[in-house]
Number of protein chains: 6
Amino acid sequence: MRPSGRATDQLRELKITRNFTKHAEGSVLIECGDTKVICTATLVPGVPRFLKGKGQGWITAEYGMLPRSTGSRMDREAARGKQNGRTVEIQRLIGRSLRAAVDLKKLGEHTLTIDCDVIQADGGTRTASITGGFVALADAVRKLVEMKKIKENPIVSQIAAISVGIYKGEPVLDLDYPEDSNAETDMNVIMNDKGGFIEIQGTAEGAAFDDEQMMGMLKVARKGINEILELQRKALFDA
Amino acid sequence: MRPSGRATDQLRELKITRNFTKHAEGSVLIECGDTKVICTATLVPGVPRFLKGKGQGWITAEYGMLPRSTGSRMDREAARGKQNGRTVEIQRLIGRSLRAAVDLKKLGEHTLTIDCDVIQADGGTRTASITGGFVALADAVRKLVEMKKIKENPIVSQIAAISVGIYKGEPVLDLDYPEDSNAETDMNVIMNDKGGFIEIQGTAEGAAFDDEQMMGMLKVARKGINEILELQRKALFDA
Amino acid sequence: MRPSGRATDQLRELKITRNFTKHAEGSVLIECGDTKVICTATLVPGVPRFLKGKGQGWITAEYGMLPRSTGSRMDREAARGKQNGRTVEIQRLIGRSLRAAVDLKKLGEHTLTIDCDVIQADGGTRTASITGGFVALADAVRKLVEMKKIKENPIVSQIAAISVGIYKGEPVLDLDYPEDSNAETDMNVIMNDKGGFIEIQGTAEGAAFDDEQMMGMLKVARKGINEILELQRKALFDA
Amino acid sequence: MRPSGRATDQLRELKITRNFTKHAEGSVLIECGDTKVICTATLVPGVPRFLKGKGQGWITAEYGMLPRSTGSRMDREAARGKQNGRTVEIQRLIGRSLRAAVDLKKLGEHTLTIDCDVIQADGGTRTASITGGFVALADAVRKLVEMKKIKENPIVSQIAAISVGIYKGEPVLDLDYPEDSNAETDMNVIMNDKGGFIEIQGTAEGAAFDDEQMMGMLKVARKGINEILELQRKALFDA
Amino acid sequence: MRPSGRATDQLRELKITRNFTKHAEGSVLIECGDTKVICTATLVPGVPRFLKGKGQGWITAEYGMLPRSTGSRMDREAARGKQNGRTVEIQRLIGRSLRAAVDLKKLGEHTLTIDCDVIQADGGTRTASITGGFVALADAVRKLVEMKKIKENPIVSQIAAISVGIYKGEPVLDLDYPEDSNAETDMNVIMNDKGGFIEIQGTAEGAAFDDEQMMGMLKVARKGINEILELQRKALFDA
Amino acid sequence: MRPSGRATDQLRELKITRNFTKHAEGSVLIECGDTKVICTATLVPGVPRFLKGKGQGWITAEYGMLPRSTGSRMDREAARGKQNGRTVEIQRLIGRSLRAAVDLKKLGEHTLTIDCDVIQADGGTRTASITGGFVALADAVRKLVEMKKIKENPIVSQIAAISVGIYKGEPVLDLDYPEDSNAETDMNVIMNDKGGFIEIQGTAEGAAFDDEQMMGMLKVARKGINEILELQRKALFDA
């Protein structure tokens, strides 16, 4: 039924490559099928002005797509002088989700910036960014602990994300671009390793969706998230 | 338990004033407790470039807050030269939700712009904008039909929205600002008059939320939405 | 002779509603016929950088129109990323005029920002903004005195404004939009309660105007200003 | 009494140099004492979009100051990415004033852009720009007539401008910077060669001004304008 | 003598990977030691407005660095709303250099956009972009010929680029970051396969350079360019 | 052979007028034939943030063209809200070149801003800006020494610039606009008074250039630079 021939609850092949570039405190290439995103974590001392003196840290995210990561070239946002609405929405989601992974008090007065740059897009770039961004964040935080800048690892949850949807009436897991552009409903689910929801964003593209469809989507999402959490753990203990 | 003394599934007083200003094709003042938003619908012939020649119409939304609609003054976005991320995210949500109300083919080559300007904020401005925006849209579309610019009313669903959340561990309906800033989870629910979901956006602010809490929130949301749909209908047949 | 049937020296109905919104230190809805402007005054401690350490306060103004406050929708300035020339010119005029009301030394190191947002336009929005802005300013300053942040009320003059013009060869008072768009000359007059001029801006739209016409316009302006000053006083002592 | 030793109704030396640069259709260096402005007129076929098909022309103006035309260096507006409020206000005034000189119908579908660039500032740059801009405009229009692009000279009035003010209680003509920064009132007067007013902008800087002071300022303005009109005529017939 | 231990006229290892991403008409990963740049070529029908109807094509380039491609994180240009001076200078150089490779008349009315995005920087990113950009361009043009959109291959020269410099008094080839930041002179040389110069940009960073040093730099540049041209050819015939 | 009838190694008439405007610490009008640029040097205490506490000064440059300095009017960059790529490239070149004239340590914590504003363009505006900018800089620095703000004159080299090119196959000196727009190669050469190169930027516009042509261009450049250095010296000792 699916264009890719996958089962309705089957993830695309997921590959996480740590230390992908050499300068960043955390640097991950995440590949979900043909979607490829470079996630880097930059760690600097200090916090933004609105947090000065509150004895806590901050985590923020930025997202971008290379102009030709997509089928037809998009304008370069730096040249247009402005990030578009979709970009802004996505980077706010990534930042919010990753802050749920960390006890900001324990992070101390440090700022982590997670940059997610899509070099090839085939659906699911925002959820790949969150999943890969968590690994980059974990690497950067580990260095902070190793350098004894903070006493205790401030990570309180492991965070992963996946897209699900209603495609030809059925709940399906991990939509690629051909599915995404034809799905009746599209939902991004971000969860932690205790099975709790961090964020749910579901949008009816054509017909509205009902309770049963929502339950169906959440069920395949939960299955997918569990597999992704396992792959993140393998990647992180693989050093 | 609630700062306002309301029951957990009780809406704030909701008031919809049509024809609030005189120039727009649809003009609504919506008041949800102390939250007050002016929603106007502007109807012009023609469509944006990306829809030229496709024989369909378009609906878009813009959102703004008067600088002193809030407790402390925000920078005026026009003066800063840029809409902030939250604004962009909200106006995309409003536009997407209202497009679900209309058969764009039947709208013909017309563009509807829904402007939602918050003059006083006390939580729930985005859901109030959707609820009020639908009424402004319905008024504008009605004029289009009356002027015989289109043959058939293109509205296919009635759309309303409400915020719900987990406050002190309980699902509550229609959060005001004191609740919103202390809620553990915050969820915006947009539904149509057939009971279908148009959009769900739930965010854990502190702890993650579980299936049961989500079901609880959706239950109070559904109750609230039904009451709001009724109030919209009354307002619309009140001419 | 006038489209509205008013006498040449007759004001439109003027209504001043104080405490219109709940958050601002001063909040006024001013209605001059169909022109409606929300004027809020925000008071914060401190002054802009260029006044640091000079032992005085500052007053500034910002002006905006809701996109559909006018007959056809204007672009939202926040979305275009830039205030247009007319907006900039008007907010500079409002700020300059209101600074003439106050002894900035006595204001101490406080900044007052007057936001004037037009929700419905029918001519005379800038003069309505000054007249309403003065009332909002007076309310905010009163609170400052009541909270004993300053010893003495720093208001030194009461300020009001009105537009006049030459319409069909005659000086007329308080132009509405149909007159304004056909007037030969358009003049904004800002005066204080001692009968002194704070600012005069007269522009020939078609033919140039002569001394006699100017005298005629100033005469009706003076009459109108006196009535407006009286209405401001009533509003302010009406608490 | 005046810092410069001039009589209260005495202009600074005024010099108009035509054909100052070689590319523009009209190019004038105007020197009013130490204030020096290059005014060029550019003439192109066609009109802005909002005038398409109306069978008339358009005149617009732009104003700028070289960063070090003033005592301390101002930021370059091109580098800051934005014209400031004063610039915008001035260029709108110049454009409006010069449009009063021309019958736009007779100009045909041509656009004239008047660029006024201050290379040295010592007070009165906006009125110098109008006075010099008129000469550049006249030169450009003359070429249009000579090239037989239009049948008839569309200039209907000669336009000149001057600043006046109240300085130490007295009306004075043509304020230089030391006077301008200490004047109680500052007024810009734009008139035509029939003695009519095109625009008047008077601002009380300290105390308000009264009718008598206004009459005094207009009297010296009229005297100054007459002298300037004469110098413009000499410059224009001096080819 | 060199930090890397290379001979003065020795290139870093150069790797060219074609078809690096799947959407673009040409997509190349170029690696010069630790410098890694993704170069994609996008081909669209039509030309920019200034070339409409001239019967020729156009080639332009854009350049960007991922925020954490460098040792410390740079601001994201899309977020700051503006490309910095260095970026603008580099993308103009890339575009100019690659236009020298192609007969724009033979390209017909097509536009090629070369995007060069640095994912890891270690000196020489602009010359790597030109060298890699040429390969991406060649791939895109080849497709145009294969699809019979144009009759003849419009490439007239093969273009390659390298940086050279004076380091500790000696001419050296292909500076990496530690050399680049300490070089006395830094020169970028762009040449074609006939041994002609397309562009030379030499800058004294500390002391000025003399004729002899320039000759020395050009000599090693020529040697390096010849090796790079050979590697480009291998990559291009390697399909 | 040359449109102007000049010999291939002949400069245009070069005129340097010091103290051209009255406010700046250094103010020069440089005229190279019909190219006219106002160069001012502004000296302020303090340095940009990135140099704070390093005990050295800074020199930066900005460049602009009056909109009608050219044959057809260019958009005003301040109005467009953005400097174009060419402007940015030029002002970076001017700043870099002039920094080579000065020992920044000896300059102490002062910042020099060189503004180069083209009032009439006929080719060679960037090299004229450097040549004239050096004289303005020298004047400003001299005042600093005279006021005993620094002990020693920090100028270590005299800097001049000229454009050369290949025109009809021959190396020519100091291209005017008709040559510049038809030259096969265009090269800007910046040198000091010891005969050393500060910067070389050569671009093949049509055919590539070879070693011999480059030597030919450098030869005429050197001759031209020597004459310009002499004229700069005359101007500077001419007070």
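The values are calculated or read from the model by the stated rules, or taken from the named source; none is laboratory data. None of these values were measured; they are calculated from a predicted model. So basically every Cβ, Gly included, is an ideal-geometry build from the backbone, and we count neighbours across all protein chains shown.
Kindly list, by first and then second residue, each pair from a residue in region D:216-236 that is closer than 11 Å to D:Gln10 by Cα to a residue that is surrounded by fewer than 23 Cβ atoms within 10 Å (Cβ to Cβ), limited to pairs with Cβ atoms under 6 Å and residues at least 6 apart or on different chains.
Once the first residue is closer than 11 Å to D:Gln10 by Cα and sits in region D:216-236, its partners that are surrounded by fewer than 23 Cβ atoms within 10 Å (Cβ to Cβ) give D:Val220/D:Asp9; D:Lys223/D:Asp9; D:Gly224/D:Leu11; D:Glu227/D:Leu11.
Has region D:138-158 got any residue that is in contact with a Leu (Cβ under 6 Å, 6 or more places away or on another chain), at positive phi and touching a residue at least 40 places away in the same chain (Cβ under 8 Å)?
No, region D:138-158 contains no residue that is in contact with a Leu (Cβ under 6 Å, 6 or more places away or on another chain), at positive phi and touching a residue at least 40 places away in the same chain (Cβ under 8 Å).
Please specify each residue of region C:7-17 satisfying the condition of being in contact with a strand residue (DSSP E or B) (Cβ under 8 Å, 6 or more places away or on another chain) and either assigned to a loop (DSSP other than H, G, I, E, B) or surrounded by 18 or more Cβ atoms within 10 Å (Cβ to Cβ) (or both).
If the condition is that a residue be in contact with a strand residue (DSSP E or B) (Cβ under 8 Å, 6 or more places away or on another chain) and either assigned to a loop (DSSP other than H, G, I, E, B) or surrounded by 18 or more Cβ atoms within 10 Å (Cβ to Cβ) (or both), then C:Thr8, C:Asp9, C:Gln10, C:Leu11, C:Arg12, C:Glu13, C:Leu14, C:Ile16 are the ones that fit.
Looking at A:Arg80, A:Arg96 in this structure, which one is closer than 30 Å to E:Ala140 by Cβ and facing another protein chain (nearest Cβ under 10 Å)?
Values: A:Arg96 fails: closer than 30 Å to E:Ala140 by Cβ.
One residue alone meets the criteria, A:Arg80.
State the number of residues belonging to region E:22-55 that are within 13 Å of the chain's Cα centre (by Cα) and polar (S, T, N, Q).
Adding up the residues that qualify gives 2.
Listed here are the residues, each with its yes/no results for (1) more than 28 Å from C:Leu112 (Cα to Cα); (2) surrounded by fewer than 21 Cβ atoms within 10 Å (Cβ to Cβ).
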residue	(1), (2)
C:Gly169	yes, yes
C:Asp193	no, yes
C:Gln201	no, yes
C:Ala204	yes, no
C:Gly216	yes, yes
C:Gly224	no, no
C:Gln232	no, no
C:Leu236	no, yes
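Filter region F:192-221 for residues that are within 13 Å of F:Ile162 (Cβ to Cβ) and out of contact with any helix residue (DSSP H, G or I) (no Cβ under 9 Å at 6 or more places or on another chain) and give the result.
Passing the criteria: F:Met217, F:Lys219, F:Val220, F:Ala221.
Checking C:Asp117 against (1) under 26 Å from B:Lys36 (Cα atoms); (2) surrounded by fewer than 24 Cβ atoms within 10 Å (Cβ to Cβ), which test does it fail?
(2)
Could you pull out the residue among C:Ala78, C:Ala41 that is surrounded by 18 or more Cβ atoms within 10 Å (Cβ to Cβ) and without any contact (Cβ under 8 Å) to a residue 24 or more places away in the chain? Spell out the reasoning first.
Details: C:Ala41 fails: without any contact (Cβ under 8 Å) to a residue 24 or more places away in the chain.
Being surrounded by 18 or more Cβ atoms within 10 Å (Cβ to Cβ) and without any contact (Cβ under 8 Å) to a residue 24 or more places away in the chain holds for just one of C:Ala78, C:Ala41, which is C:Ala78.
Taking into account only those residues within region C:82-105 that are crowded, with 19+ Cβ neighbours inside 10 Å and among the small types (Gly, Ala, Ser), which is farthest from C:Gln201 (Cα to Cα)?
In this case the residue turns out to be C:Ala101.
Considering only residues that are over 17 Å from the mean Cα position of the chain (by Cα) and crowded, with 19+ Cβ neighbours inside 10 Å, which ones fall in region A:56-65?
Of region A:56-65, the ones over 17 Å from the mean Cα position of the chain (by Cα) are A:56-58.
Correct list: A:Gly57, A:Trp58.
Can you give me the number of residues within region E:117-132 that are part of a strand (DSSP E or B) and either closer than 21 Å to E:Leu144 by Cα or basic (Lys, Arg) (or both)? Spell out the reasoning first.
Keep residues of region E:117-132 that are part of a strand (DSSP E or B), which gives E:117-120.
Next, from what is left, pick out any that are either closer than 21 Å to E:Leu144 by Cα or basic (Lys, Arg) (or both): none.
The total comes to 0.
Does region C:47-69 contain any residue that is at pLDDT below 95, out of contact with any Asp or Glu (no Cβ under 8 Å at 6 or more places or on another chain) and under 30 Å from A:Gln83 (Cβ atoms)?
yes
Anything in region B:33-55 that is within 25 Å of B:Asp176 (Cβ to Cβ), out of contact with any Leu (no Cβ under 6 Å at 6 or more places or on another chain) and facing another protein chain (nearest Cβ under 9 Å)? List them, or say none.
If we filter region B:33-55 for residues that are within 25 Å of B:Asp176 (Cβ to Cβ), which is where we start, we get B:33-40.
Cutting the leftovers down to out of contact with any Leu (no Cβ under 6 Å at 6 or more places or on another chain) gives us B:33-37, B:39-40.
Of everything in region B:33-55, those that are within 25 Å of B:Asp176 (Cβ to Cβ), out of contact with any Leu (no Cβ under 6 Å at 6 or more places or on another chain) and facing another protein chain (nearest Cβ under 9 Å) turn out to be B:Asp34, B:Lys36, B:Thr40.
Got at least one residue in region D:113-133 being more than 20 Å from the chain's Cα centre (by Cα), more than 28 Å from D:Lys54 (Cβ to Cβ), hydrophobic (A, V, I, L, M, F, W, C) and at the interface with another protein chain (Cβ under 10 Å from one of its Cβ atoms)?
In the first step, residues of region D:113-133 are kept if they are more than 20 Å from the chain's Cα centre (by Cα); the result is none.
No, region D:113-133 contains no residue that is more than 20 Å from the chain's Cα centre (by Cα), more than 28 Å from D:Lys54 (Cβ to Cβ), hydrophobic (A, V, I, L, M, F, W, C) and at the interface with another protein chain (Cβ under 10 Å from one of its Cβ atoms).
Find the residue count for region F:194-218, including only residues that are at the interface with chain E (Cβ under 10 Å from one of its Cβ atoms) and either modelled with pLDDT under 95 or outside any strand (DSSP E or B) (or both). Break it down stepwise before answering.
Pass one, region F:194-218, residues at the interface with chain E (Cβ under 10 Å from one of its Cβ atoms): F:194-211, F:213-215, F:218.
Among the residues that remain, those that are also either modelled with pLDDT under 95 or outside any strand (DSSP E or B) (or both) are: F:194-196, F:205-208, F:210-211, F:213-215, F:218.
Adding up the residues that qualify gives 13.
Restricting to region E:173-187, give me the number of residues that are more than 10 Å from chain F (Cβ to nearest Cβ) and within 23 Å of F:Phe209 (Cα to Cα). Write out each step before concluding.
Step one: of region E:173-187, the residues more than 10 Å from chain F (Cβ to nearest Cβ) are E:173-184, E:186.
In the following step, the residues that additionally are within 23 Å of F:Phe209 (Cα to Cα) were identified as E:173-174, E:186.
So the count comes out to 3.
Test D:Gly108 against the stated conditions and say whether it is more than 11 Å from the chain's Cα centre (by Cα) and away from every other protein chain (no Cβ under 11 Å). Steps first, answer last, please.
Working: more than 11 Å from the chain's Cα centre (by Cα): yes; away from every other protein chain (no Cβ under 11 Å): yes.
Answer is yes for this residue.
Enumerate the pairs (first residue in region F:15-32 and more than 13 Å from every other protein chain (Cβ to nearest Cβ); second residue anywhere and at pLDDT below 95 and part of a loop (DSSP other than H, G, I, E, B)) with beta-carbon separation below 8 Å, excluding pairs fewer than 6 apart on the same chain, so at least 6 apart or on different chains.
From region F:15-32, the pairs are F:Arg18/F:Asp238; F:Arg18/F:Ala239.
Please verify whether A:Lys149 is within 11 Å of chain B (Cβ to nearest Cβ) and part of a loop (DSSP other than H, G, I, E, B), treating the condition exactly as stated. Break it down stepwise before answering.
Values: within 11 Å of chain B (Cβ to nearest Cβ): no; part of a loop (DSSP other than H, G, I, E, B): yes.
So A:Lys149 fails the test.
Tally the residues that are at the interface with chain B (Cβ under 9 Å from one of its Cβ atoms) and either touching a Ser or Thr at 6+ places or on another chain (Cβ under 8 Å) or closer than 23 Å to D:Gly206 by Cβ (or both), restricting the search to region C:61-71. Explain how you work it out, then say what you get.
Going residue by residue through region C:61-71, those that are at the interface with chain B (Cβ under 9 Å from one of its Cβ atoms) are C:62, C:64, C:66-71.
Going one step further and asking which of them are either touching a Ser or Thr at 6+ places or on another chain (Cβ under 8 Å) or closer than 23 Å to D:Gly206 by Cβ (or both), we end up with C:62, C:64, C:66-69.
Adding up the residues that qualify gives 6.
For region A:1-14, what are the residues that are of a type in the set (A, V, I, L, M) and free of Cβ contacts under 8 Å to residues at least 12 places away in the same chain? Talk me through it step by step, then tell me what you get.
Of all residues in region A:1-14, those of a type in the set (A, V, I, L, M) come to A:1, A:7, A:11, A:14.
Within region A:1-14, A:Ala7 is the sole residue that qualifies.
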